[in-house]
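Working notes, structure below.
The values are calculated or read from the model by the stated rules, or taken from the named source; none is laboratory data. The model shown is predicted, which means the values in this text are computed figures rather than measured ones. When we count neighbours, we look across all protein chains shown, and the Cβ atoms used for this are built from the backbone with ideal geometry, even at glycine.
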Amino acid sequence: MGEEGKWVRKASRNEVSMDSLNESETLLVVYKMSFSARRPVQTQEVEQALRHLYRKTPNLRVCLTDKDGEKWFKEVDEKMIDFEVSAVGVEEVTEFLHTHSYPKDAILWRARLVPVATPCYHPQHLSSFHTDLQGTFPHCYHLVFGFSHAIGDGHTFIRICAAFSHILDSVLSGKEVDTKQIGCFDLNEEYESKIEEIKKRLLKDEVWREECIRELNEGKPESSILQHVLSPCEDRPKKTLLHTQTLDKAATTRLVEKCRAAKVTLSSCMAAVCNMALVDLLVEKGVVQDTYTVSNMHMINMRRTWPKETTEHAFGWYISSSFRQFFVTPRTVDGDEFWQYTREIHSKFYSFLQDEQFMEKAAFVKWCYSTGNRQIFKRDLSFNTRGNLTQRFEGTKEITVTNLLSSTSIHNSTIPWNDIVGTVRGRLSHTTKYNTSMVTKATALQYSDLVYARLLKITAP
């Protein structure tokens, strides 16, 4: 490449922070794209598709290195692409990507192809592959990407995975792949400057900080319900593990229709379902009360504050989390009461998003993390909702993407677990991600099963 090795730009404070966390095996990103193919996919075809992806995606062409005492992004040669066909299963590959950071001056992503010799289709809610494709798309694979959060967030990586699926399809079809860039890795300096300006004001404005803290603690109970769920153990191996369950297409359609009728988002509905499942878990563990106070946080794409025409192709790290919110949750909620409870969650969360001081509050979140005040954000459940990704993967001929699951490593953090939700091919998946040093496998799977049971109940015909 003619521009190989050029300096791209100085890394932002957030990007440097993400790189530092990644070095300690924290928040290392994994995306598992499951797909079925008409014919066997050859290693060289995947390699060719990855080279095209590298050429079309600016943040996949960089490393993070030192320049004059500062961290800068610099382009690297495509020979540094880290790709292998894995001889082990997808769980082992995911664990590897969750525990291996990216060396200095090295490319900031990896890819592993995991062929599935004998695809499992049953039970369908635990399968990555779909029975309706078994005859025409019999060859099944996982393409597992590892990413550094220094080069992107969920908005970024979803678009990269979708682009790869179309590139691979073109390669398999013998079609030419163009060189059009699929994203822009320029820093949004106006946004970054505004956030930094607000953070500086926060350092001086003690009254405003106290107001934010009061809002964060509004409704906070004397003790967290998680003390009845967590089982911290220093001797237990530290791992980030995942358990995913998927609704079928008909149930997902019914769920979406019920959300529309109730005038709530699927994200708010899933928060309500998970809160109820956590209460069910507490009851099964012998903690029986009339009501429980459950705290929630949501991940937020900060591009929502930008002009719409600038957001789609803006690659990089532009996420924040909502303020912690507390919800009084009855032990028994069914029928119309469930949707009334969901509307309460929806109203409170979207009031935060529409607050005229939303940017200031987002900056306060960043200020708290950067100054070590993370205890303010301890919560029972946190949610990362990817939305409906079906359309992004449509239009391919030689492959069909059946699921896209994402996770970040939390085993070296104080985060016990979180919930990840997304829809591909009209099927909604819920993933419980958990930190084994704080949550036992039995408890995590018990909670996940209770979430799925709640979903089946509210989507019953």
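Exactly one residue out of Glu75, Glu25 is touching a residue at least 40 places away in the same chain (Cβ under 8 Å), at positive phi and surrounded by 14 or more Cβ atoms within 10 Å (Cβ to Cβ): that is Glu25.
Every condition in (1) under 24 Å from Phe137 (Cβ atoms); (2) without any contact (Cβ under 8 Å) to a residue 40 or more places away in the chain holds for Phe35 except the one numbered (2).
Of the set (1) farther than 26 Å from Ala163 by Cβ; (2) at pLDDT below 95; (3) loosely packed, with under 15 Cβ neighbours inside 10 Å, all apply to Lys308 but (1). Outside any helix (DSSP H, G or I), in contact with a strand residue (DSSP E or B) (Cβ under 9 Å, 6 or more places away or on another chain) and modelled with pLDDT of 95 or more: does that describe Leu242? Considered against the rule, which asks whether it is outside any helix (DSSP H, G or I), in contact with a strand residue (DSSP E or B) (Cβ under 9 Å, 6 or more places away or on another chain) and modelled with pLDDT of 95 or more, Leu242 comes out as yes.
Just one of (1) in contact (Cβ under 8 Å) with a residue 40 or more places away in the chain; (2) within 29 Å of Thr400 (Cβ to Cβ); (3) part of a loop (DSSP other than H, G, I, E, B) fails for Ser101. It is (2).
When Ile195 is tested against (1) within 30 Å of Gly146 (Cβ to Cβ); (2) touching a strand residue (DSSP E or B) at 6+ places or on another chain (Cβ under 8 Å), only condition (2) is not met. Within segment 41-60, not a single residue is on the phi < 0 side of the Ramachandran plot, crowded, with 19+ Cβ neighbours inside 10 Å, touching a residue at least 40 places away in the same chain (Cβ under 8 Å) and in a strand (DSSP E or B).
Considering (1) within 23 Å of the chain's Cα centre (by Cα); (2) touching a residue at least 40 places away in the same chain (Cβ under 8 Å), the lone condition that Asp82 does not fulfil carries the number (2). Could you tell me whether Asn403 is crowded, with 21+ Cβ neighbours inside 10 Å, modelled with pLDDT of 95 or more and touching a strand residue (DSSP E or B) at 6+ places or on another chain (Cβ under 6 Å)? Criteria met by Asn403. Taking the criterion of being in contact (Cβ under 8 Å) with a residue 12 or more places away in the chain, among the hydrophobic types (A, V, I, L, M, F, W, C) and surrounded by fewer than 18 Cβ atoms within 10 Å (Cβ to Cβ), would at least one residue in segment 154-162 satisfy it? No, segment 154-162 has no match at all.
Is it the case that some residue within segment 206-224 is outside any helix (DSSP H, G or I), at pLDDT 95 or above and either assigned by TED's automatic domain parsing to the domain that holds Phe327 or surrounded by fewer than 11 Cβ atoms within 10 Å (Cβ to Cβ) (or both)? No: segment 206-224 contains no residue that is outside any helix (DSSP H, G or I), at pLDDT 95 or above and either assigned by TED's automatic domain parsing to the domain that holds Phe327 or surrounded by fewer than 11 Cβ atoms within 10 Å (Cβ to Cβ) (or both). Of the candidates Ser193, Ser173, the single residue that is out of contact with any Phe, Trp or Tyr (no Cβ under 7 Å at 6 or more places or on another chain), among the polar types (S, T, N, Q), modelled with pLDDT under 95 and exposed (fewer than 14 other Cβ atoms within 10 Å of the Cβ) is Ser193.
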